[in-house]
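Following: one structure in structure tokens, then a few remarks.
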Amino acid sequence: MPDTAVTGQPELSVVVPCYNEEAGIAAFWARLCPVMDAIGLTWEVVFVNDGSRDDTVGRISTLTHPGVSKRTIDFSRNFGKEAAITAGLDHARGKASVVIDSDLQHPPETIPLMVTLWQAGAEVVLGKRQSRETDSALRTWFSNRFYSFASKVFEVPIPKDVGDFRLMDHQVVKALGSLRENQRFMKGLFAWVGFRTQIVEFEVAQREHGTSSFNLWRLLNFAVDGITSFTTVPLRLWFYLGSLVSLVSLIYGTIIVVDALLFGSEVPGYPSLAALMCFLGGIQLIGIGVLGEYIGRIYREVKFRPIYIIRELRDE
Ligand code: UDP
Ligand code: MG
């Protein structure tokens with residue numbers, strides 16, 4: 001990690017993950033600069049080009065602003081938003097860092113309020129979305145289920161409707177940087193490190209250019225990632241279910257044995273046998289699946305691969 005005590009350390013860093021954003025990045029920059037200047041603190045920007053297939057990196061290289069240093073981190077391929085944010089924070093030199101989407105769904109105008117709260121002593125300032133109007137009904141339903149499950153079983157509570165738009169003191173950034181797990185569920189990691197937290201609300205805008213790279217399948221996998229990163233409850237659930245099924249089987253077994261002893265055995269019973277076998281087979285398969293998911297995660301972690309690979313780091 002870079003030394004944060006370098007001379008000329010800016011007060012604020014703005015960390016921007018970018019994936020296929022060539023159409024919108026200039027508009028983002030044009031809106032960000034005046035807002036940042038109005039705060040009156042020195043600032044830098046850290047763009048992370050997350051293996052875009054379009055000319056995002058070319059567009060980024062044209063963006064300049066007087067008095068602002070720009071770091072561009074160009075990934076060797078697409079490593080995902082979580083990795084992009086991690087890289088941006090690893091290379092941010094500010095006394096506080098703001099993470100913001102490059103598609104203008106996170107209004108830069110919220111940043112001054114975040115900074116004010118930081119100056120007043122907050123170490124983390126979360127952006128909380130006021131509504132989910134820009135999301136489909138299905139996505140909203142899905143997130144609600146996820147959060148209510150998470151609030152019950154996660155190691156640490158995850159604040160609802162809070163995404164990656166946030167300000168963090170450099171101490172928090174350093175703490176986050178010390179968590180080097182490969183499968184990064186950022187919402188969970190952010191919550192895990194703790195620190196004094198304040199919330200500001202913002203209205204999510206419609207995406208102006210391009211399309212969201214999160215479809216329902218990706219979201220589902222994201223949820224499974226979150227759950228398996230932050231709780232082992234699914235494993236325990238299987239223990240309870242197994243115990244319940246065993247208990248029921250024991251009672252049922254006793255009943256049919258006693259019944260056979262008292263009244264003689266009736267040979268028919270094939271349908272119930274077949275049904276039971278299928279049911280138990282299914283339960284066992286799901287159980288093995290859950291186990292496998294955790295083992296797969298262990299497997300991926302023990303290889304200690306880096307979280308991202310940088311093709312080029314440019315300071316301008
Ligand atoms: N992003 C990224 N890598 C990815 C996907 C997305 O860096 O693999 C960036 C993207 O450029 C944007 C932010 O993450 O700045 C949010 O992405 P998107 O708008 O697709 O997601 P949504 O707003 O629908 O959650
Ligand atoms: Mg977006």
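Counting just the residues of segment 66-84 that are within 16 Å of ligand 2 (Cβ to nearest atom) and in a loop (DSSP other than H, G, I, E, B), which one comes out least open to solvent (accessible area, probe 1.4 Å)? It would help to see each step written out before you state the result.
Quick first cut of segment 66-84, residues within 16 Å of ligand 2 (Cβ to nearest atom) only: 78, 80-82, 84.
From the residues that got through so far, the ones that are in a loop (DSSP other than H, G, I, E, B) too are 78, 80.
Details: 78: 53, 80: 12 Å².
Checked segment 66-84; the qualifying residue least open to solvent (accessible area, probe 1.4 Å) is 80.
Checked against the criteria, residue 184 counts as open to solvent by less than 60 Å² (accessible area, probe 1.4 Å) and either within 16 Å of ligand 1 (Cβ to nearest atom) or farther than 23 Å from residue 87 by Cα (or both).
Which ones in segment 96-125 are within 16 Å of ligand 2 (Cβ to nearest atom) and either out of contact with any helix residue (DSSP H, G or I) (no Cβ under 6 Å at 6 or more places or on another chain) or basic (Lys, Arg) (or both)? 100, 101, 103, 105, 106, 107, 110, listed by residue number.
Whether any residue in segment 192-202 is at pLDDT below 85 and either within 16 Å of ligand 1 (Cβ to nearest atom) or surrounded by fewer than 10 Cβ atoms within 10 Å (Cβ to Cβ) (or both) is what I want to check.
no
Only a single criterion out of (1) assigned to a loop (DSSP other than H, G, I, E, B); (2) within 16 Å of ligand 2 (Cβ to nearest atom) is not satisfied by residue 32, namely (1). Residues in segment 129-153 that are open to solvent by 40 Å² or more (accessible area, probe 1.4 Å), in a helix (DSSP H, G or I) and in contact with a Leu (Cβ under 9 Å, 6 or more places away or on another chain): 138, 139, 142.
Pairs linking a residue in segment 98-119 that is in contact (Cβ under 8 Å) with a residue 40 or more places away in the chain and assigned to a helix (DSSP H, G or I) to a residue that is among the charged types (D, E, K, R) and within 16 Å of ligand 2 (Cβ to nearest atom), with Cβ atoms under 6 Å and 6 or more positions apart or on different chains, are 108/31. Please indicate, with yes or no, whether at least one residue in segment 13-21 is away from ligand 1 (no atom under 11 Å from the Cβ) and of a type outside the set (Val, Ile, Thr). Checking segment 13-21: at least one residue is away from ligand 1 (no atom under 11 Å from the Cβ) and of a type outside the set (Val, Ile, Thr). Reported count of residues in segment 296-310, each being among the hydroxyl-bearing types (Ser, Thr, Tyr) and either touching a His at 6+ places or on another chain (Cβ under 9 Å) or not in a loop (DSSP other than H, G, I, E, B) (or both), is 1.
Of the helices (runs of 4 or more DSSP H) that lie entirely inside segment 166-250, those containing 3 or more residues that are within 18 Å of the chain's Cα centre (by Cα) and among the small types (Gly, Ala, Ser) span 216-230. Within the span defined as segment 113-123, every residue fails to be open to solvent by less than 10 Å² (accessible area, probe 1.4 Å) and within 15 Å of ligand 1 (Cβ to nearest atom).
Entry remark, segment 239-275: residues being touching a residue at least 24 places away in the same chain (Cβ under 8 Å) and not small (Gly, Ala, Ser) number 2 in total. Only one entry in 87, 27 is open to solvent by 40 Å² or more (accessible area, probe 1.4 Å), in contact (Cβ under 8 Å) with a residue 12 or more places away in the chain and not in a loop (DSSP other than H, G, I, E, B), namely 27.
Looking at the structure I just gave you, is residue 160 of a type in the set (D, E, K, R) and part of a loop (DSSP other than H, G, I, E, B)? Yes.
The values are calculated or read from the model by the stated rules, or taken from the named source; none is laboratory data. Predicted, not measured: the structure shown is a model, and the values here were computed from it. FYI the Cβ positions are ideal-geometry reconstructions off the backbone, even for glycines, and counts take in every protein chain you see. Heads up: the accessible areas ignore ligands, DNA and RNA and are worked out on the full protein's heavy atoms, side chains in. Shrake-Rupley method; radii C 1.70, N 1.55, O 1.52, S 1.80 Å.
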